[in-house]
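The values are calculated or read from the model by the stated rules, or taken from the named source; none is laboratory data. Note that this is a predicted model, so its numbers are computed, not measured. Backbone-built Cβ (ideal geometry, glycine too); neighbour counts: all protein chains shown.
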Amino acid sequence: MKILLDTHIFLWFITKSKRLSAKFYDAVSNQDAEVLITDN
């Protein structure tokens, strides 16, 4: 699965923000996920 994160979501992810759901953390942490980050 490919997951595209924008800058805000990436920052929330690395700071373990409670703004993101447990389902999101599970998806992004999945070894099979290809996580991409926008550079805009």
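Quick notes on this one:
- Residue among L20, L4 that alone is modelled with pLDDT of 95 or more and part of a loop (DSSP other than H, G, I, E, B): L20
- Residue under evaluation D26, criteria (1) surrounded by 11 or more Cβ atoms within 10 Å (Cβ to Cβ); (2) outside any loop (DSSP other than H, G, I, E, B), criterion not met: (1)
- Any pair with Cβ under 8 angstrom, 6 or more apart, that starts in region 17-40 at a residue that is aliphatic (A, V, I, L, M) and ends at one that is assigned to a loop (DSSP other than H, G, I, E, B): A27/M1; A27/A33; A33/M1; I37/D6
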